[in-house]
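Have a look at the structure below, then the notes.
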Amino acid sequence: MSCNTSVTHLDASSLKRAEQVPVHLLPCEIEHNGVAQVSQYFTATTKDHKQEKTVSFRGRGLKGQEISCPQGYTGLVLKEVNKHGSDQEDRTVRISSVFNKLTYWNLETPPTSDDAVVMAMDWPEVAEAIHGSVED
Amino acid sequence: MMDLNPFEADNSVSCRLASQIPEVCRTEDCCLGVDEAGRGPVLGPMVYGICFCPISKNQELKDLKVADSKTLTEAERENLFQKLDEAKSYVGWALDVLSPNVISTSMLQRTKYNLNALSHDTAIGLIQFALDSGVQVKEVFVDTVGPAEKYEQKLSHLFPGIEVTVRPKADSLFPVVSAASICAKVARDRAVERWKFTENLGEVDTDYGSGYPNDPKTKAWLLKYLDPVFGYPQFVRFSWSTAQTLMDSQGVSVHWDDDEEDGEKAAKRQNNRSMLSYFSAPAEGEKTHQTHRFFTDRRLKSLNSL
Amino acid sequence: MAPKKRRTPNTQNDNWVVISADSIINSTKHNSDPAFLRMRNPSTDEASLYVLGSGDLQLYEVKAFEEDFHSWFVGQTVQRDGRLIFVTPMDPLYLILPYLIKSGREGKFQPVDQVVKDEDFPACSRLLSCTRSLASLHHIAEEKEVGSQKFHRYSQDRTMDWLKKKVERTVVALKKKNVCVGEGVKSTTYVRVKSESDNQEDYLRYAHGLISDYISADLSKALLGHLGLSELKSPKETEPPSKKRKLSDKPVEAEEDYTKFNSADFARKPPKKMTAAQKTLAKVDKSGMKPMSSFFSPKAKAEKK
């Protein structure tokens, strides 16, 4: 079991340098961590219809929509600084980019309010009910 | 003339192009030929074409010396298309330009839509288009690569009252099929030549070769334009094994929930999991915790490390 | 076509896509940074990840949205890990409660800083720095003041009242968010239907279930009683389904407010494959439900008015 005393610090000052980026949640696992020509291949070929966006990735048809971060919430992309092997030591993550909305994509099916990620966005408001202060 | 602008305005979807319907075709019994161009290439659209004229004009069409387009050079085909255009008082045509993106996404669909089905449906759609336009179709001639007999039965059944002939190499046997072949091939050549990449790739080398997978020029082009993550621009048919093999060997792996190997296993795993969570009531005293369905419905779970 | 390559494990992950409460990144006044750390999960008794905000003033919970076969495009990069991590404010009392209960067995009033201690999770003492912790301890404990020092003793009665309020708040939120709480057949091919059996008891049970994710099984059981609800047996042991849920023996009708759905909702989705478990559930849970056709019958509509 990993060590329960190690702490991961969030370098909050890195927020100042973080830029807004477009983020897309894809319905496939891409075995890659690193650069990609997203705007050239993906954004450039994305089409906006009334209710949904369409695009192809690797020859497969995707349908998606843009959703906003819940009120009072911000999207952050965290990146570990000087990743090391040991889980005994404290770690640090910094905010590498921020976003206020994201686009999620389904494989072939049109986006609906029943999609799990849309439903997951209910969580902060329900969490507020569970965790907010109760009156005496 | 043939105007490809409607297709070029959005080459990620398919497009129908058609000539004016000659008046005489609405009043006289007509023959109609069906042929395709660009079925084999890994690049660019596949074009389905029909050509029709009154049966009485068959000899005149023959005299235009339209022959199987494959035996002609591109210039000769353009020239013959010119002649067909000049004969527009009695010859009409219609084309379905099937975008390579449509071919890829259809063939790779969850419920696979294979090229034969796509071809048949397109041919049927075009014949229906001629009928809907008032063309008095009495005879249909179709060039095919697959088994002719079954296809012929299918079409005869769908279009009762029309005499259907499906033949391999029909384009060299029936002038109206040769004419359809020329229209399709001309459109395919032009679409490839003038392909506008919607991707932001800057200047793209257009030395694609024939587009057939075994053409060294085509191969070289496919190697040059392979992106490790995205694979290819939509100009390439992702469903062709040539493209798949190159992406598998030189690109990063991408896994989908319906992948044959990964997906089935994953589905099985998920099945087991849900079976367990629904039905295995925790044994007495056993320390198990069931996450509430609010969370499982939303695929939310606690973490114990970042 | 060649068989697909197997997935390799993602060992190189050092990126996370997070949706975080603004308060974490806005409170930069304090000189200490927010920190992810492990504490004892009161429901599982095992380690879970939490965040203490700047100056330890606010506690946050960490949950990951995770579906298989997902990855991110972030700007001009691919991030293979397709999880979306939510960091939401959390009531520190849930984490403090187990320690108070444990010490309460001795029946003595004690200083909380001597109670909220854990060899396995030393970070837990930092919970007492949270602004809300000391101010709200009276919800779960009796207080005694001797001189300037405060002593506490766990109170089950207070805790039950506090948790009941939590449940009630949660019911309000669930209704507001239109969360489907009924246990009726889950329909994926039709527009979501809401039955009258989505009644107060269903909401209470659902909210109780949610709160139970933050308390021990014993406490959860006690809370159920405190809410005046009886224990439901697991489907395995239940008698014929028709007897299972008396309270839902009411007609169902189509939900009135379709406007909140995107029109995309009406586009028929290809029916999703049901898992074997869902199929079985669908069979089990038809108690008191009219056939599908009655959802759209004129009668049901007339009743609305």
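All alpha carbon pair distances within segment B:199-253 were sorted into 5 Å bins beginning at 0; the resulting P(r) in whole percents reads 4, 20, 33, 27, 14, 2.
Computed from Cα atoms alone, the Kirkwood hydrodynamic radius reported for segment B:163-228 is 14.6 Å. Dipole size of segment C:42-87 about its Cα centre, with +1 on Lys/Arg Cβ and -1 on Asp/Glu Cβ: approximately 240 debye, rounded to the nearest 20. All other residues whose Cβ lies under 14 angstrom from that of B:R237 are scored, Lys and Arg at +1 and Asp and Glu at -1, for a net of +4. Name the shape class, rounded, prolate or oblate, that the alpha-carbon gyration tensor gives for chain A, where a ≥ b ≥ c are the square roots of its eigenvalues, rounded holds for a/c under 1.5, and otherwise prolate holds if a/b is larger than b/c and oblate otherwise. Cα axes put chain A in the oblate bin. Report the far tail of the P(r) of segment B:129-247, meaning the percent of Cα-Cα pairs longer than 25 Å. In whole percent, the share of Cα-Cα pairs in segment B:129-247 beyond 25 Å is 46.
Treating r as the C-beta distance of B:A220 and B:N79 and R0 as 35 Å, the FRET efficiency rounds to 0.70. For segment B:5-193, the relative contact order works out to 37 percent when only alpha carbon pairs closer than 8 Å and six or more residues apart are counted. Estimated from helices alone, the mean residue ellipticity of chain B at 222 nm is -13000 deg cm²/dmol (sum of -39500 (n - 2.57) over DSSP H runs with n ≥ 4, per residue). Placing R0 at 25 angstrom, the Cβ-Cβ distance between A:Q20 and A:V118 gives a FRET efficiency of 0.70 after rounding to 0.05. Computed from the alpha carbon atoms alone, the convex hull of segment B:31-179 holds 114 Å³ per residue.
The 3J(HN,Hα) values that the Karplus relation (6.51, -1.76, 1.60; θ = phi - 60°) gives for segment B:7-18 are, in residue order, 6, 5, 5, 8, 7, 8, 10, 7, 8, 9, 10, 8 Hz. Gly and Pro appear as x.
Okay, which of segment A:43-68 sit inside 18 Å, backbone N to the point 7 Å along the Cα-Cβ direction of B:K196? Within reach of a label on B:K196, which here means backbone N under 18 Å from a point 7 Å along Cα→Cβ, segment A:43-68 contributes A:43-48. The overall shape of chain B is prolate: from the C-alpha gyration tensor, with semi-axes ordered a ≥ b ≥ c, the ratio a/c is 1.5 or greater and a/b exceeds b/c.
Each Lys and Arg adds +1 at its Cβ and each Asp and Glu adds -1 at its Cβ; summed about the Cα centre, segment B:199-253 shows a dipole of about 180 debye.
Just to confirm the number: angle between the C-alpha axis of helix B:175-193 and the first principal axis of chain B, 0 to 90 degrees, nearest 10? Helix B:175-193 sits at roughly 50 degrees to that axis. Averaged over the residues of B:96-107, the number of partner chain Cβ atoms lying within 10 Å of the residue Cβ comes to 2.
Relative intensity of segment A:71-136 on a log10 scale, I(q)/I(0) at q = 0.24 Å⁻¹, equals -1.04, per a Debye sum over C-alpha point scatterers of equal strength in the absence of solvent. What the Kirkwood sum gives for segment B:70-114 is a hydrodynamic radius of 13.5 Å, with every pair of different alpha carbons counted. Here the Karplus relation 6.51 cos²θ - 1.76 cosθ + 1.60, evaluated at θ = phi - 60°, turns the backbone of segment C:81-97 into coupling constants of 5, x, 6, 10, 9, 9, 10, 10, x, 10, 6, x, 4, 4, 7, 6, 3 Hz, with x for every Gly and Pro. For segment C:137-144, putting each phi into the Karplus relation 6.51 cos²θ - 1.76 cosθ + 1.60 with θ = phi - 60° gives couplings of 4, 5, 6, 10, 8, 7, 10, 9 Hz, in residue order, rounded to whole numbers and with x for Gly and Pro. Close amide H contacts of C:T77 (hydrogens built in the peptide plane, cut-off under 5 Å, sequence separation of 5 or more or a different chain): A:A36.
Divided by 2.2 N^0.38 Å, where N counts the residues, the Cα radius of gyration of segment C:1-134 comes to 1.35.
Computed over the alpha-carbon atoms, segment A:16-96 gives an Rg to Rh ratio of 1.04, Rh here being the Kirkwood radius from the mean inverse distance.
Write down the percent of antiparallel bridges among all DSSP beta bridges whose residues are both part of chain A, to the nearest 5. Taking every DSSP beta bridge with both residues in chain A, the antiparallel ones total about 70 percent. All Cα-Cα separations within segment C:67-128 were binned at 10 Å from zero, giving a P(r) of 18, 31, 16, 20, 12, 4, 0, each value a whole percent of the pairs.
In terms of its alpha-carbon gyration tensor, segment B:1-77 comes out oblate; a/c meets the 1.5 threshold, while b/c is at least as large as a/b. Restriction of the GluC sites (Glu not before Pro) in segment B:50-127 to DSSP coil positions whose beta-carbon has at most 16 other beta-carbons within 10 angstrom yields no sites.
Quick note: the coordinates plus some simple rules give every number you see, no bench work behind them. Quick caveat, the model's predicted, so the values are computed rather than measured. Here Cβ is always computed from backbone atoms with ideal geometry, including for glycine, and neighbour counts include all displayed protein chains.
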